[in-house]
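Here is the structure we will look at, set down as structure tokens.
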Amino acid sequence: MKRNLLLLFFTITISMSSQTKSKGFFDLSGPKRIWVIFHPFKAKKSLRISNETNKVSDSIKKTNLLDGDGNGGQVDAFRHAYWMARLRQEIGKSAARSLGKAHEKENYLTYKKRQLEDGTVPDEISSTMDLWNNEEGLKLIRKRSTVSQKSLIYKIVNAIKGGKMKIIKKDKEGNFLTCDGKKITPEELKGKWKNNKCLVASNQIP
């Protein structure tokens, strides 16, 4: 049994290392390592889709389709929805959702270690936003769907512009706001998992 597990870990490590700069399985966070153990044959596909998601989101950010905000804005919402939609398309709804949850658990560990995710320390409101947008992404497609990448992109963009997803409330300068419109200073946010940021519908941009 132990020999089989070691062989499994070694195989996953080699396959994942061949596609990313990551050193492999043992460099994943605990939550993602557990996900890989329970989904060993879906791990390689999920890594490919994750890399694809980052590339597509970076491309969308450079267009005027959305607000260009990858940290709590429409592009952030797009990234999570696209990731979940593509994962469901190739590995199924349950596996996709559980990987999304593992990612948010990883973000909490990142917060505890004060590491950066997209240039900022993760917080509770960002995690709530991500999980909401994950679910919206899962609704947009079925496993083995033949929907093209272009069609999926526009489905997600339309859902965002229709207010079906969530973003974090900001002013035109990019400052975070409370739900009653008051500016939140960086000092108020520093080192806090819970804060006064406000989630709004994804079509409510400044």
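The values are calculated or read from the model by the stated rules, or taken from the named source; none is laboratory data. Note that the structure is predicted; figures quoted are calculated from it, not measured. Because the Cβ atoms are built from the backbone with ideal geometry, glycine has one as well, and the counts that use them run over all protein chains shown. Please note that ligands, DNA and RNA were not included when accessible areas were found on the heavy atoms of the full protein model with its side chains. Shrake-Rupley method; radii C 1.70, N 1.55, O 1.52, S 1.80 Å.
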Revision key, fill the gap. Under the 7 Å Cα-to-Cβ spin-label approximation, LYS113 and LYS62 lie apart by a distance in nanometres of 3.0
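What's the Kirkwood radius of the range 59-191 in Å, using all Cα pairs? Kindly include the intermediate steps, with their values, before the conclusion.
Numbers: mean 1/r = 0.0643 Å⁻¹.
Computed over Cα pairs of the range 59-191, the Kirkwood hydrodynamic radius comes out at 15.5 Å.
Sorting PHE176, PHE26 by accessible area (1.4 Å probe), largest first, what list results?
The ranking, largest first, comes out as PHE26, PHE176.
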Check your understanding: Rank PHE38, PHE25 by accessible area, highest first, at a 1.4 Å probe radius?
Key -> PHE38, PHE25
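Cβ neighbours within 10 Å, averaged per peptide: list 140-153, 92-105 in order, most packed at the top. Let's see the in-between values first.
Details: 140-153: 13.6, 92-105: 18.8.
Put in order of decreasing packing, that is 92-105, 140-153.
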Review point. Could you give me the ³J(HN,Hα) list for the range 71-78, computed from phi with Karplus coefficients 6.51, -1.76, 1.60 and θ = phi - 60°, whole Hz, x at Gly and Pro?
Key: 10, x, x, 5, 5, 4, 4, 4
Check your understanding: In straight Cα distance, which lysines are under 25 Å from LYS194, not counting same-chain residues fewer than 8 positions off?
Key -> LYS32, LYS101, LYS105, LYS112, LYS113, LYS164, LYS166, LYS169, LYS170, LYS172, LYS182, LYS183
Practice item. Using a 1.4 Å probe and ignoring any ligands, DNA or RNA, find the accessible area of ILE34 and quote it in Å² to the nearest 10. Key: 100
Exercise for review: May I ask you to compute the full-extension gain from LYS172 to ARG33, defined as 0.36 nm times their residue separation minus their alpha-carbon distance, rounded to one decimal in nm?
Suggested key: 46.1 nm
Practice item. May I ask you to compute the full-extension gain from LYS93 to LYS161, defined as 0.36 nm times their residue separation minus their alpha-carbon distance, rounded to one decimal in nm? Key: 22.1 nm
**Study point:** Virtual spin-label span in nm between LEU189 and SER50, 7 Å along Cα→Cβ
**Key:** 2.5
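Pull out the extension gain between ALA201 and SER145, defined as 0.36 nm times the separation in residues minus the alpha carbon to alpha carbon distance; nm, one decimal. Can you show the working numbers first?
Working: separation 56, 0.36 × 56 = 20.16 nm, distance 2.76 nm.
Result: 17.4 nm gained on full extension.
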Revision key, fill the gap. Toy charge model, Lys and Arg Cβ at +1, Asp and Glu Cβ at -1: the chain dipole around Cα centroid in debye, rounded to 20, equals 900
